[in-house]
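Student: I am attaching a structure below and will ask some questions about it afterwards.
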Amino acid sequence: MKLRSGTGQTASINEMEMYYEIHGTDEPLLLLHGGGGVGANWQLIFKETPEGYQLIVPDLRGHGRSTNPSMAFTFRQSALDVFALLDHLGIERCKAIGISMGAKTLLHMATQQPARIEAMVLVSATPYFPAQARAIMSQLSPDKHTDAEWRQMREWHKHGDEQIRALWRMGHEFKDSFTDMNFTPPYLSTITARTLVVHGDRDPLYPVHLALEMYDSIPRSYLWIIPNGGHGPIFGDMAESFVKTALAFLRDEWAKR
């Protein structure tokens, strides 16, 4: 099918409806949002479509305008969903940026079908869930959110309050997941994509040594530790620097210096 720029569309894939937007007409650049968020969150980072790229921006399974009839979520399945979207669009190979949930989805993509990811930027990723993340997950509950949080979630997620409750339950249930995110160094070593690992040194979920573990294990990897950065440290004042650095990496300009 022909890609149409600047349109929101829905693809029927893997027994779900996946919403996605396309901006631009050049080289495909996949943007994968974080858990509980939506594709539109990338507008806080990319104020305009980068020159030379076509942004492919989906809402992941059960998020935003995308459905999730199974009511289950795994990062492994999320990767299969995104591959199905790329197949639907006729995109064989692409570059990608993912944050948190999106970055974990990319780890699965880069190991399931390595040749399809040319280069990727992993923001606030982890090879597995450490104890401190599980402790935080155990405290998550649909009953512990403020009116302001409900208003924000209703603005992003378009399938009603049960969809929002399901997303909050999803975060809570990750505390008991041990097989979905379980990337050993030998498994990470199978990744062929050039990889930039971006991590805040004050991430409350994933301590910085996990970023070092990915950097040590992924063959063609680079590491950017953001001082005083928390989880998802690329928003706000960091957005402009992140865009400049990430695009330079994806264009392989570092190797040309």
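The values are calculated or read from the model by the stated rules, or taken from the named source; none is laboratory data. Computed from a predicted structure; not experimentally measured. Accessible surface is based on the protein model in full, side chains and every heavy atom, while ligands, DNA and RNA are left aside. Shrake-Rupley method; radii C 1.70, N 1.55, O 1.52, S 1.80 Å.
Student: Only Cα pairs under 8 Å and at least 6 apart count here; give the relative contact order of segment 171-257 as a rounded whole percent.
Tutor: On the way: 91 pairs, mean separation 24.6, N = 87.
Across segment 171-257, relative contact order equals 28 percent.
Student: Largest first and to the nearest Å, give the Cα extent of segment 1-108 along each principal axis.
Tutor: Principal axes ranked by extent give 37, 28, 23 Å for the Cα atoms.
Student: Continuing with this model, one more query. Once every DSSP H run of n ≥ 4 in the chain is given -39500 (n - 2.57) and the sum is divided by its residues, what mean residue ellipticity at 222 nm do you get, rounded to the nearest 500 deg cm²/dmol? Let's see the in-between values first.
Tutor: Working: 8 runs with 84 residues, N = 257.
Calculated from helices alone, the mean residue ellipticity at 222 nm is -10000 deg cm²/dmol.
Student: Same structure, new question: Roughly how many whole Å is it from the C-alpha centroid of segment 37-55 to that of segment 111-185?
Tutor: 21 Å
Student: Pairs on different chains or at least eight residues apart, Cα atoms closer than 30 Å: how many lysine pairs in segment 114-257 fit? Don't skip to the end; give the middle numbers.
Tutor: Numbers: LYS144/LYS158; LYS144/LYS175; LYS158/LYS175; LYS244/LYS256.
Number of lysine pairs found: 4.
Student: Give me the accessible area per residue for segment 130-237, probe 1.4 Å, as a whole number in Å².
Tutor: Numbers: 5740 Å² over 108 residues.
Each residue of segment 130-237 exposes 53 Å² on average to a 1.4 Å probe.
Student: Cα atoms only: what Rg and Dmax, in Å, come out for the chain?
Tutor: Rg then Dmax for the chain, in Å: 17.1, 52.
Student: Could I ask something else about it? Above 19 angstrom, tally the Cα pairs of segment 120-168 and express them as a % of all pairs, no decimals.
Tutor: Values: 539 of 1176 pairs.
Here the long-distance tail beyond 19 Å is 46 percent of all Cα pairs in segment 120-168.
Student: In whole percent, and with a 1.4 Å probe on the protein chains, what portion of the accessible area of segment 1-86 is carbon and sulfur? Before the final figure, lay out each step's value.
Tutor: Values: 1730 of 3560 Å².
Using a 1.4 Å probe with all protein chains present, segment 1-86 comes out at 49 percent carbon and sulfur.
Student: Turning to a different aspect of this structure: If amide hydrogens are placed 1.01 Å from N in the peptide plane, which non-local residues have theirs closer than 5 Å to the one on TYR53?
Tutor: Amide H to amide H, under 5 Å and 5 or more residues apart or across chains, TYR53 pairs with ASP26, GLU27.
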